[in-house]
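Engineer: Take a look at the following structure, please.
Derivation of every value follows stated rules applied to the coordinates shown; laboratory data play no part. Predicted, not measured: the structure shown is a model, and the values here were computed from it. Methodologically, a virtual Cβ is constructed for each residue, glycine included, from the backbone with ideal geometry; neighbour enumeration extends over all protein chains shown.
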Amino acid sequence: MCLHGRTEEARGLFQEMSEKGIAHDIITYNSLIQGVCKEGNTAGSMNLLGELLEQGLQPSTATYIALIEKFCETGDVDETKKLRKDMQNRGVEPAVHTQDSIITGLSKEGYAAKGMVGCNAKK
């Protein structure tokens with residue numbers, strides 16, 4: 001639904017699941033996060049990440065890809081770096097596509113060298 005522009009409908013189903021006592025899993029959260037990111041709602045997507053963590057779920061590579069791509073697209077270098085650091089701290093391995101998004105996003109903002117270092121840093 002979310003990937004086809006029906007994010008509001010998906011949010012309704014998400015809420016309905018909660019009301020019926022149906023637990024959300026990582027796939028449910030990732031789908032909604034991707035849709036909310038696609039809408040450009042970075043605050044909403046970060047709220048969903050917070051909910052995901054509160055539920056005791058572990059973000060996946062797909063979780064971070066959607067967020068990192070959107071923050072790179074909007075030029076938010078600081079948030080991109082925070083997400084990358086969080087990803088490393090949680091032991092989530094980035095996909096090549098994630099690395100490419102970070103390098104491209106940082107390069108567009110004039111941080112080409114930092115983009116390369118940031119992707120390879122293990123700190």
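Engineer: What ranking do 61-69, 43-51 get when scored by the average of other Cβ atoms within 10 Å per residue, highest first? Working shown, then result.
Structural biologist: On the way: 61-69: 21.7, 43-51: 16.7.
Descending mean neighbour count gives 61-69, 43-51.
Engineer: THR61 to ILE22: extension gain in nm, 0.36 nm per residue of separation minus the Cα-Cα distance?
Structural biologist: Working: separation 39, 0.36 × 39 = 14.04 nm, distance 2.38 nm.
Net length gain for the segment: 11.7 nm.
Engineer: Taking θ as phi - 60°, what are the ³J(HN,Hα) couplings along the stretch 50-65 by the Karplus curve (6.51, -1.76, 1.60), each to the nearest whole Hz, with x for Gly and Pro?
Structural biologist: x, 4, 4, 5, 4, 7, x, 8, 9, x, 10, 4, 4, 4, 6, 4
Engineer: Here's a follow-up. So between VAL96 and ALA43, what do we pick up on full extension, going 0.36 nm a residue minus the alpha carbon distance?
Structural biologist: That pair, VAL96 and ALA43, stretches by 16.5 nm at full extension.
Engineer: Projected area of the stretch 30-71, taken from the Cα convex hull and averaged over every viewing direction, in nm²?
Structural biologist: Details: hull surface 9.7 nm².
Over every viewing direction, the Cα hull of the stretch 30-71 projects on average to 2.4 nm².
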